[in-house]
Structures are given as C-alpha cells and as structure tokens.
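What follows is a single structure, and I will ask about it in a moment.
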Amino acid sequence: MDIFEEAIDSAGYYNYTRWDKCFTVDYAKIDGIEFAIDIIPSVAESNDKLEEIKKETEHIELVNTSIAIPDVTDNHNQWISNNPIGYKSWFETQTQKYERKYLNFRKSIYESSIEELPEDNATNLMRNVIKILKRLRDVYFSRSKSQSSPSSIVITTLVAKLANRISYAEDEFSLLTSVIKELQQLERFNRGVSIQKSLDEGFIISNVIQFNDGYWILKNPANGFDNILSSWNENTSASQDFFYWVADLQELIDNQTSSTIEDVRKSEILYDSLSLNFSSIKPSDFNVNTSKASPWRI
C-alpha cells in the first residue's frame, strides 16, 4: 500500500483517499459531473494459498487466476485472496448455460406446435433480471436511507445460481417473479422454518444458500474462502434490510399481476419503483456523492 501510494504521489494524483483495501482517486468535476475510480493494488496469489483455496472452492478450475490484495487497518496488516477474473469467467459460463436452456425450452415448445420459432427470441434473460434487480435495489435503498444495501455480487450470484435451477421462464417478468419467490424463503429460514420443509414445498434456494445456527453462507464460486454473505453475519440489520427489500419486491409483483388494479395504475407503480424522479425523492438525492462513497464490492 505504501509503495502504491508513492506511485500515485509521484504521478501527481493528490486528490485521493487511502482505504484499507484500495485507493479512491477523485478526478476534476467536468460540467458538474463528478468522477472517481477505486484502484486496488494486487499481486499473484502464492502457490500454497492456491492449493488451500481449491479445497474450499466449488469450481477449482477457476482458482489459478486468484490474486492477493492488501487489507491494512490499525489492527492488522495482511493479505486476503480475491478472484475477479475467475468470478467473471464463472458468470459468463452461467449466462451461456441459461441461454442454452432457454433456447432449448423455447425450441421444444414451438416444435410441438404449428407455430414457427420467433426470430426475436430473447437472450440474456438472466442478465436483464440482474440489471432490473440492481436498479430496484438502488431506488429502494436510496429512499429508505439504509446503509445495508446488498452488494452487486450478492444479487448477481443469487440470480445466476437460481436462474439455472428454475424451470422455464418465457420472459424477464416470469423469471423475476420466480427469483423473488425463492428469495422470500430466506426470511422464513430466519424465523425458524427448516430448510427441509422449504425443499419439500418445492423451493430450491436452500441448494444455493446455507443457513447453519444463525450463520449465513454463500461461497464465491471462484474463491471458497470468500463468504459473499459475511456482512449478514457481522450485522443482522443487513439481512433484515434485505428481507424488507424482498417483501417490497413481492408487493410490486402482486400489484403488477392484480386483476383489481387498472393498467394505467400498474404502469405508474412500475415506473415509480424504477425511477426516483416519480416519487417525492428529488433527483439530487441520487447524485454521486464521493464523500459518502464506500469503496470495494459495492
């Protein structure tokens, strides 16, 4: 960290902040727009550590791209393992897997009828649902003012793992609905409903997340030492805020499928859930504020 800070100084970048794992470099505001970038120093992970990681990792073929990044605070000075290249590779594989499944289902449906396979058949359904959930997250947590917004890697990993286990969904709304129903089970686990009961009822979320004695586990597919849900164990409000958000998502789904709500009102509800401008929230509330930025895995 010291060597990297010297390099930043010598390059003339003086407007930066040093954190425990990275540096945030703030650039000059242009036309009222602020811009900052997080830079994480890293080195290749040691061979001994790679072997340890492989024993704990779901996809050992991804481990060799692991890196070691610094974790420096007043209380400790250490290296921790990370694997962004491996995770990216895993996600791309999950996307391709889902697209193959989608196209096979779609092909079988239309081959069994006299209709031709539509030329505009959707791909990247899974990616689109992830984008929708990230936007819904941003709007919801900006309004709630909660500091426990789920990180993108939590949303991405959950959706990717669930989508390839969920039966056929014909569009984004169908897949989104199925994902939210699965996520609702997490709050039930927290209230004492057994994982076996959830499985017996046909839910598959327990094949994705482990919940043992109040401890949540969702391992990074490319790094078994990285529990993506560690924040839930460190701060119970993080999991509770996630449950509240999922309940809000289910209410949105219920409103969209309700037979008693007019289509115009449904459109307003949907737009409001995706746009800060439609509610009482002012656009300025969603501007980037570098003083409140929390670096690393947001």
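Count, please, the residues in segment 164-208 that happen to be open to solvent by less than 60 Å² (accessible area, probe 1.4 Å), part of a loop (DSSP other than H, G, I, E, B) and in contact (Cβ under 8 Å) with a residue 24 or more places away in the chain.
Summing the residues that are open to solvent by less than 60 Å² (accessible area, probe 1.4 Å), part of a loop (DSSP other than H, G, I, E, B) and in contact (Cβ under 8 Å) with a residue 24 or more places away in the chain in segment 164-208 gives 6.
Can you tell me which residues in segment 50-96 are exposed (fewer than 13 other Cβ atoms within 10 Å of the Cβ), part of a helix (DSSP H, G or I) and touching a residue at least 12 places away in the same chain (Cβ under 8 Å)?
Once the filter is applied, which keeps residues that are exposed (fewer than 13 other Cβ atoms within 10 Å of the Cβ), part of a helix (DSSP H, G or I) and touching a residue at least 12 places away in the same chain (Cβ under 8 Å), segment 50-96 yields only 55.
Here is a follow-up. I need every pair where a residue in segment 233-249 that is farther than 18 Å from residue 188 by Cβ has its Cβ under 6 Å from the Cβ of a residue that is open to solvent by less than 60 Å² (accessible area, probe 1.4 Å), sequence separation at least 6 or different chains.
Final answer for the pair search is 233/216; 237/148.
In segment 251-282, which residues are open to solvent by less than 80 Å² (accessible area, probe 1.4 Å), of a type outside the set (Val, Ile, Thr) and modelled with pLDDT under 90?
Selection gives 275, 276, 279.
Somewhere in segment 89-99, is a residue farther than 25 Å from residue 227 by Cα and at pLDDT below 95?
Looking for residues that are farther than 25 Å from residue 227 by Cα and at pLDDT below 95, one finds at least one in segment 89-99, hence yes.
Name the residue, out of 36, 11, that is open to solvent by less than 90 Å² (accessible area, probe 1.4 Å) and free of Cβ contacts under 8 Å to residues at least 12 places away in the same chain.
Sole residue among the options that is open to solvent by less than 90 Å² (accessible area, probe 1.4 Å) and free of Cβ contacts under 8 Å to residues at least 12 places away in the same chain: 11.
Across segment 211-247, which residue is farthest from residue 181 (Cα to Cα) among those that are open to solvent by 60 Å² or more (accessible area, probe 1.4 Å) and more than 17 Å from the chain's Cα centre (by Cα)?
225
The values are calculated or read from the model by the stated rules, or taken from the named source; none is laboratory data. These numbers were taken from a predicted model, which means no experiment stands behind them. Ideal geometry is used to build each Cβ from the backbone, glycine not excepted, and the neighbour counts take in all protein chains shown. Surface accessibility is based on the protein's heavy atoms, side chains included, excluding ligands, DNA and RNA. Shrake-Rupley method; radii C 1.70, N 1.55, O 1.52, S 1.80 Å.
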